[in-house]
Structure formats: structure tokens, C-alpha cells
Amino acid sequence: MLVISRKKNESIVINNDITVVVVEIRGDKVRLGIDTPKEVPVHRREADEALQH
């Protein structure tokens, strides 16, 4: 697992076509924006686990 620090409005790029941006930091919560190609599904882990059952 890669662990990095990012500030608000900073981002990371994954595989040249997925961008994750820190949209907001409020207390102990971080809001992320995720930009992917339409064919790449994005789910929260708990939703993904529910879909697999």
C-alpha cells in the first residue's frame, strides 16, 4: 500500500487515467473526488462487499 500526504485541492494520478483529488478536509473526515473513465466502476468498499454477496 502506498501512503502519501495530500492537502486540499491536491491530487494523485493512477495509471494515467484515474485522478483522485482531496476536495475537502473537515475534522477527521476527508472528501475525495475521483475522476475515472466511464468503463471503470468506483464503489465504496462497504457497497462493493454488499454487491458481492
Among the residues of region 4-30, the number that are within 24 Å of P41 (Cβ to Cβ) and surrounded by fewer than 10 Cβ atoms within 10 Å (Cβ to Cβ) is 4
Checked region 31-53 for anything modelled with pLDDT of 95 or more and surrounded by fewer than 10 Cβ atoms within 10 Å (Cβ to Cβ); matches are P37, K38, E39
By residue number, the members of region 24-47 that are in contact with a strand residue (DSSP E or B) (Cβ under 6 Å, 6 or more places away or on another chain), among the aliphatic types (A, V, I, L, M) and in contact (Cβ under 8 Å) with a residue 12 or more places away in the chain are L32, I34
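The values are calculated or read from the model by the stated rules, or taken from the named source; none is laboratory data. These numbers come from a predicted model, not from an experiment. Note that we place each Cβ from the backbone using ideal geometry, even for glycine, and neighbour counts take in every protein chain shown.
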